[in-house]
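To keep things clear, I will list the structure first and then write my remarks on it.
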Amino acid sequence: DYELRVDGLVERPLSLSFADLQRLPQTTITKDVQCVTGWRVPDVEWSGVLLSELLADAGVDPGATAVEFGSFDGIYTESLTLTQAMRPDVLVATSMESGPISNEHGGPVRLYVAPMYFYKSLKWLDRITVTKQVEPGYWEDRGYDVDAWVGQSNGRDDAPVV
């Protein structure tokens, strides 16, 4: 029953099932997962569709500058600049460690933003909305940085391995 919507300032809104996502070209990224609270898990493998490819398929409006993400729980949101969203290390992840992403880990589909603290990697992704400006998400409303580059924000750059 999973559905991912890509909408907002796009020429061609998309509605994708889990099977649709799996049929698209897949990219695998293996990087540390680092939390702003101080824990880190080394070398976690994520696979899925590059966010940039989904945005290209939808046709981003020239006036767009940001992307907002929503989760199917209706509580969590997140956003990136369009430039950040187009990076080659940002995935709509459908697999973790060569298997399905569990609900506990934010599955069946989650955003994975490799170069940023893990709160930017939204769990339970069901909506990608292209917008005119970055809107602070759930964690930013609670004091976390909008730009969450590991080692450059939130005062953390050497987290212990968990």
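The values are calculated or read from the model by the stated rules, or taken from the named source; none is laboratory data. Remember, it's a predicted structure, so these values are computed and weren't measured experimentally. Positions of Cβ are generated from backbone atoms using ideal geometry, with glycine treated the same way; all protein chains shown enter the neighbour counts. Note: areas computed on protein heavy atoms with side chains; ligands, DNA, RNA excluded. Shrake-Rupley method; radii C 1.70, N 1.55, O 1.52, S 1.80 Å.
Can you tell me which residue among Ala58, Ala93 is in contact with a Lys or Arg (Cβ under 6 Å, 6 or more places away or on another chain), modelled with pLDDT of 95 or more, open to solvent by less than 40 Å² (accessible area, probe 1.4 Å) and farther than 19 Å from Lys132 by Cα?
Working: Ala58 fails: farther than 19 Å from Lys132 by Cα.
The conditions single out Ala93.
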- Query: Applying the selection to segment 111-143, what residues are in a loop (DSSP other than H, G, I, E, B) and of a type in the set (Asp, Glu)?
  - Reply: Glu135
- Query: So which residues in segment 54-110 are farther than 17 Å from Ser121 by Cβ, part of a helix (DSSP H, G or I) and without any contact (Cβ under 8 Å) to a residue 40 or more places away in the chain?
  - Reply: Ala56, Thr83
- Note on the structure: Quick count over segment 134-143, residues being open to solvent by 60 Å² or more (accessible area, probe 1.4 Å) and within 19 Å of Ser71 (Cα to Cα), is 5
- Matching residues in segment 75-99 - criterion: being under 9 Å from the mean Cα position of the chain (by Cα) and under 14 Å from Thr28 (Cα atoms): Val90, Leu91, Val92, Ala93
- Meets criteria (open to solvent by 40 Å² or more (accessible area, probe 1.4 Å), over 16 Å from Asp7 (Cα atoms), more than 12 Å from the chain's Cα centre (by Cα) and modelled with pLDDT of 95 or more) for Ser102: yes
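Within segment 36-43, can one find any residue that is open to solvent by 40 Å² or more (accessible area, probe 1.4 Å) and on the phi > 0 side of the Ramachandran plot?
yes
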